[in-house]
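These notes are about the structure you will find just below.
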Amino acid sequence: MFFYLYDKVTQDKKLEGVLTQVEHRLIDLGINGRVEKMSVFKNMRELIEDAIKRDAHTVVAVGNDATFSKALSAVAPYPAVSLGFIPMTDGTVFGRLLGIPSGPAACDLLSKRLMVQADLGRIQKTFFITSAEISTHSSVSVQCDGLYSISALKPETPIRIDNIGPVLTQGIGRLARADDGLLEVVLTPPSGQGRFSRKVGEAPSVFPVMRAKITANESLSVSVDGEVVAKTPCEVEIIPKAVKLIVGKDRLLR
Amino acid sequence: MTVLSDLVVSGIDNHYYFYMFSRDEQASPANRQAETIIGPSIKVEGNFVGQGNIIVDGAVVGTLKTSEDIRVGEGASIEADVEGRNVHVAGKVKGNLKVNGKLELTGSSSISGDVDTEVLTMEAGAKFEGHLMVGKSTSKTDVVKEK
């Protein structure tokens, strides 16, 4: 059974026509299913879990990048369930990554069910495909795979833990693989001032790991896609092939 | 054997750094193994065992080991036993080196420890203190101090 989760953005009057076209196309393709619309009183995770208990084999997030990101975290504990996406507007980052066009054209890709299995990072109960960022502080230390620790000699060095990279906060630049079974701990020391007032930057340091424990002298925030999900000390780990994603052939995700 | 030859400039996070890897390894994302980059202001302590190439421009204390290639930059400081396939050293290493392929020591390098390598190249100015074993031969060459 298909389960369609309509995010609040679908209730925008400007998108009414697009939504109607999407629903008609789903019926034409024979992949219409149960629909739930998000509201202030409804929790996305609970709706998805309820649908899965009622034998939904495919969850489809209908909305924007935030919709897909939250649905991903809710579907991840259920590896047998596939996750699809119908972007309601052009220009979504996940639409581009997954090779899925916006509107009714996305429905055709849903029916083809071309899938990839992607790794996910996990911090406590939150799963992420993009990146986790730790608020900068001079005392942050990262223990990697229980074997070695990393520390930055320059204060206020930003630390990220990438799965495919910070595509939502920093755009699609260099993409790491989503199926290599590894996270990347990335430290980018702050730029200094050069002799002629030009900013001189140090290259980022990159460490491929499977598990990273983050500690600091104070309790620091750890955020995913701009949302705080945990506080230090905390552990981040890779869950290999954690989720099945429905994709298009023009995807950037590998 | 991978030749550390071609320079490839890559941009990431608005900064640029250089990959000293062969074009074959750089071209295909499918074939590229995970690589580690330890920048100048980063310190690593413990038992580091990597699977891909390693570039060190910072400080490492403990053990540094990979089945692939290692490049030690001029400003790097390593107090660790090092093991790799091909190793290029331009900085300071205090510890034993085991190199399964080629060890290159530049004029700015400084090694204090025993070295076991198949092939060795050493530029004028390189500093070395320790025991040296080169090639499959069991003969050992003692080098106490060379400046």
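The values are calculated or read from the model by the stated rules, or taken from the named source; none is laboratory data. Bear in mind the structure is a predicted one, so any value in this text is a computation, not a measurement. Neighbour counts run over all protein chains shown; Cβ positions are idealised from the backbone, glycine included.
So that you can scan it fast, the table gives a plain yes or no per residue for (1) out of contact with any Lys or Arg (no Cβ under 7 Å at 6 or more places or on another chain); (2) part of a strand (DSSP E or B); (3) under 27 Å from A:Ala61 (Cα atoms); (4) of a type in the set (Phe, Trp, Tyr):
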| residue | (1), (2), (3), (4) |
| --- | --- |
| A:Ser149 | yes, yes, no, no |
| A:Ile164 | yes, no, yes, no |
| A:Ile172 | no, no, yes, no |
| A:Val206 | yes, yes, no, no |
| A:Ser223 | yes, yes, yes, no |
| A:Glu235 | no, yes, no, no |
| A:Pro240 | yes, yes, yes, no |
| A:Leu245 | yes, yes, yes, no |
| A:Gly248 | yes, no, yes, no |
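Filtered by the rule that a residue be at pLDDT 95 or above, small (Gly, Ala, Ser) and in a loop (DSSP other than H, G, I, E, B), segment B:102-147 gives B:Gly107, B:Ser108, B:Ser109, B:Gly113, B:Ala124, B:Gly125, B:Ala126. Within segment A:212-231, being surrounded by fewer than 19 Cβ atoms within 10 Å (Cβ to Cβ) and within 14 Å of chain B (Cβ to nearest Cβ) holds for A:Lys213, A:Thr215. Across segment A:130-147, the number of residues qualifying as in a strand (DSSP E or B), charged (D, E, K, R) and surrounded by fewer than 21 Cβ atoms within 10 Å (Cβ to Cβ) comes to 0. Among the residues making up segment A:174-204, those that are at pLDDT 90 or above, part of a strand (DSSP E or B) and either more than 30 Å from A:Leu98 (Cα to Cα) or among the aliphatic types (A, V, I, L, M) (or both) are A:Leu183, A:Val185, A:Val186, A:Leu187.
What tally of residues in segment A:97-129 results from selecting those that are in a helix (DSSP H, G or I) and either buried (at least 20 other Cβ atoms within 10 Å of the Cβ) or among the acidic types (Asp, Glu) (or both)? Lay out the reasoning, then the answer.
Filtering segment A:97-129 down to residues in a helix (DSSP H, G or I) leaves A:97-98, A:105-112.
Filter again for either buried (at least 20 other Cβ atoms within 10 Å of the Cβ) or among the acidic types (Asp, Glu) (or both), leaving A:97-98, A:106-110.
Within segment A:97-129, residues that are in a helix (DSSP H, G or I) and either buried (at least 20 other Cβ atoms within 10 Å of the Cβ) or among the acidic types (Asp, Glu) (or both) number 7.
Among the residues of segment A:190-201, is any touching a residue at least 24 places away in the same chain (Cβ under 8 Å) and touching a strand residue (DSSP E or B) at 6+ places or on another chain (Cβ under 7 Å)?
Within segment A:190-201, the subset touching a residue at least 24 places away in the same chain (Cβ under 8 Å) is A:190.
Narrowing the set further to residues that are touching a strand residue (DSSP E or B) at 6+ places or on another chain (Cβ under 7 Å) leaves none.
Among the residues of segment A:190-201, not one is touching a residue at least 24 places away in the same chain (Cβ under 8 Å) and touching a strand residue (DSSP E or B) at 6+ places or on another chain (Cβ under 7 Å), which makes the answer no.
Every test in (1) crowded, with 17+ Cβ neighbours inside 10 Å; (2) in contact with a Gly (Cβ under 8 Å, 6 or more places away or on another chain); (3) at the interface with chain B (Cβ under 9 Å from one of its Cβ atoms) is passed by A:Gly165 save one, and that test is (3). Does B:Val99 count as within 13 Å of the chain's Cα centre (by Cα) and at pLDDT 95 or above? Judged against the criteria, B:Val99 is a match.
Filtering segment B:58-84 to residues that are part of a strand (DSSP E or B), of a type in the set (Gly, Ala, Ser) and more than 7 Å from chain A (Cβ to nearest Cβ) leaves B:Ala59, B:Ser77, B:Ala80, B:Gly84.
Listed by first and then second residue, the pairs with beta-carbon distance under 7 Å, at least 6 apart or on different chains, first residue in segment B:125-136 and under 10 Å from B:Val115 (Cβ atoms), second in a loop (DSSP other than H, G, I, E, B), are B:Gly130/B:Gly113; B:Gly130/B:Asp114; B:His131/B:Asp114; B:His131/B:Lys140; B:Met133/B:Lys140.
Being over 24 Å from A:Val243 (Cα atoms), within 12 Å of chain B (Cβ to nearest Cβ), without any contact (Cβ under 8 Å) to a residue 60 or more places away in the chain and touching a Gly at 6+ places or on another chain (Cβ under 7 Å): is that true of A:Leu153 here? It is false that A:Leu153 is over 24 Å from A:Val243 (Cα atoms), within 12 Å of chain B (Cβ to nearest Cβ), without any contact (Cβ under 8 Å) to a residue 60 or more places away in the chain and touching a Gly at 6+ places or on another chain (Cβ under 7 Å). Total residues in segment A:29-54 satisfying the condition of being within 18 Å of A:Ile246 (Cβ to Cβ) and surrounded by fewer than 18 Cβ atoms within 10 Å (Cβ to Cβ): the figure is 6. In summary, A:Arg113 fulfils each of the numbered conditions (1) more than 14 Å from chain B (Cβ to nearest Cβ); (2) on the phi < 0 side of the Ramachandran plot; (3) not polar (S, T, N, Q) with the single exception of condition (2).
Across segment B:21-57, the qualifying residues are those that are modelled with pLDDT of 95 or more and more than 7 Å from chain A (Cβ to nearest Cβ), and the one among them that is surrounded by the most Cβ atoms within 10 Å (Cβ to Cβ) is B:Val56.
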